[in-house]
1. For segment 1-57, with all protein chains present and a 1.4 Å probe, just round the carbon and sulfur fraction of the accessible area to a whole percent.
2. Would you mind getting the accessible area per residue of the chain, heavy atoms of the protein chains only, 1.4 Å probe, in Å²?
3. Starting from the Cα of R56, step 7 Å along the direction of its Cβ; do the same at A36; then give the gap between the two resulting points in nm.
4. Relative to the longest principal axis of the C-alpha atoms of the chain, give the angle of the C-alpha long axis of helix 42-51, reported between 0 and 90° and rounded to the nearest 10°.
5. Among A46, A14, A36, which one moves the most in a GNM of the chain with springs linking Cα atoms closer than 10 Å?
6. Assuming 0.36 nm per residue, please report the length gained on full extension of the stretch L71 to A11 beyond their Cα-Cα distance.
7. Near the amide H of T25, under 5 Å away, which other amide H atoms are found, from residues 5 or more places off or on another chain, if H is placed in the peptide plane?
8. Ignoring chymotrypsin sites (Phe, Trp or Tyr not before Pro) that are buried or in helix or strand per DSSP, and keeping those with at most 16 other beta carbon atoms within 10 Å, what is the longest stretch of the chain between them?
Amino acid sequence: AANMLVRNVAADVASKGVQVNALGTNFMDFPEFRRASGADDPAVRARIEAAVPMRRLGTVEECAAMCLPFLDGTSRFTTGQFVGYAGGWV
């Protein structure tokens with residue numbers, strides 16, 4: 001559903017020079033994800049990490065680096081994209 005929404009809105013506003021992209025995160029080493037998932041408990045975190053194809057949680061710094069081209073103007077020809085940022089989950 002998010003993919004279609006992003007594509008449809010992007011198609012509607014592309015001719016006006018507006019870019020629409022979205023990022024869907026999961027399995028991140030964010031305080032709220034850890035709290036909600038129980039990942040502050042080492043045993044729970046180990047189970048979560050074992051389920052992630054990359055076998056770890058993503059970091060805030062990694063997420064920021066991935067998003068930077070969408071924010072700094074260097075990715076001006078990219079629109080209508082939904083990026084699933086989840087360590088290999090597709």
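1. Numbers: 2180 of 3840 Å².
Carbon with sulfur: 57 percent of the solvent-accessible area.
2. Numbers: 6180 Å² over 90 residues.
Result: 69 Å² per residue.
3. The modelled label-to-label distance comes out at 2.3 nm.
4. 50
5. A36
6. Values: separation 60, 0.36 × 60 = 21.60 nm, distance 1.92 nm.
Here the segment from L71 to A11 would lengthen by 19.7 nm.
7. The answer is Y85.
8. On the way: sites that count: F77, W89.
In short, 1-76.
The values are calculated or read from the model by the stated rules, or taken from the named source; none is laboratory data. On a predicted model such as this, the values are computed, not experimentally measured, just so you know. Cβ: placed from backbone, ideal geometry, glycine included. Neighbour counts: every protein chain shown. For accessibility, only protein heavy atoms count, side chains too; no ligands or nucleic acids. Shrake-Rupley method; radii C 1.70, N 1.55, O 1.52, S 1.80 Å.
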